[in-house]
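Working notes, structure below.
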Amino acid sequence: MIKKILVPVDGSEYSDKALDEAVDLATKYSAELHLVHVVPIATALITGPEALAIDVSRQLETSGERILKTALERVEKAGLKAVTRLEHGQPADRLIQLVKDESFDLVVIGSRGLGAIARFFLGSVSDKVSHHATCSVLIAR
Ligand SMILES: Nc1ncnc2c1ncn2[C@@H]1O[C@H](COP(=O)(O)OP(=O)(O)OP(=O)(O)O)[C@@H](O)[C@H]1O
Ligand SMILES: [Mg+2]
């Protein structure tokens with residue numbers, strides 16, 4: 001039974017596609033939708049000048065909130081509700097941990113994201129999540 005669906009969103013057209021598929025499934029199964037954006041913690045931010053690091057992470061946080069708001073509007077337009085939350089960390093690791101801690105039944109994730117180099121079929125986040133998540137993963141293409 002699919003009761004709780006995790007949709008990682010990054011504002012890309014791929015994550016929109018994943019969201020649309022998740023909305024379909026949530027409707028069909030009367031499942032809860034949880035939209036999560038992970039604000040990445042880059043090594044350069046940790047080791048760089050402190051003032052710059054704070055400024056960049058604030059920008060990432062603001063953009064993450066905007067991504068979540070837009071995603072929520074997309075869900076609401078389809079007549080559903082969703083829980084939104086902003087997380088911090090390495091995106092794939094944080095998502096894998098969330099699945100473990102909060103007993104999600106399904107992750108619906110985009111095959112690619114905002115990364116400019118489309119060398120591979122999968123981005124690094126969808127690759128790692130699909131390999132290591134402890135629940136089923138649907139990769140939207
Ligand atoms: N920071 C994030 N927070 C939440 N979900 C994310 C985040 N980054 C990516 N995702 C999810 O993972 C999917 C695949 O994105 P991914 O980042 O793996 O590909 P990419 O950006 O093309 O490649 P890469 O980031 O490795 O250069 C996205 O469609 C989205 O669903
Ligand atoms: Mg990416």
Quick one: which residues, 5+ away or cross-chain, put their amide H under 5 Å from the amide H of L138? H built at 1.01 Å from N. V107, V108, I109
What is the local net charge at E73, summed over the other residues whose Cβ is closer than 15 Å to its Cβ (Lys, Arg +1; Asp, Glu -1)? +1
Could you give each residue of region 131-139 its phi-based ³J(HN,Hα) in whole Hz, using Karplus coefficients 6.51, -1.76, 1.60 with θ = phi - 60°, and x for Gly or Pro? 7, 10, 5, 8, 10, 5, 10, 9, 9
Do any chymotrypsin sites (Phe, Trp or Tyr not before Pro) in region 45-141 lie in a loop, going by DSSP, with at most 12 other beta-carbon atoms within 10 Å of their beta carbon, and if so which? F120, F121
Cα extents of the chain along the principal axes, largest first, in whole Å, come to 49, 30, 29
Expressed in Å to one decimal, the Kirkwood Rh of region 62-141 from all distinct alpha-carbon pairs is 13.9 Å
With -39,500 (n - 2.57) per DSSP H segment of 4 or more residues and division by the full residue count of the chain, the 222 nm estimate, nearest 500 deg cm²/dmol, is -16000 deg cm²/dmol
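Using C-alpha positions alone, give me the convex hull volume of region 1-78 per residue in cubic angstrom.
Working: hull volume 7.1 nm³, N = 78.
It is 91 Å³ per residue.
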Would you mind pulling out the separation of the Cα centroids of region 60-103 and region 1-31, in Å? 11 Å
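Every number here is computed from the coordinates shown, using simple stated rules; none is lab data. In this text, all values refer to a predicted model and were calculated from it rather than measured experimentally. Here the Cβ is made from the backbone with ideal geometry for all residues, glycine too, and neighbour counts use every protein chain on show.
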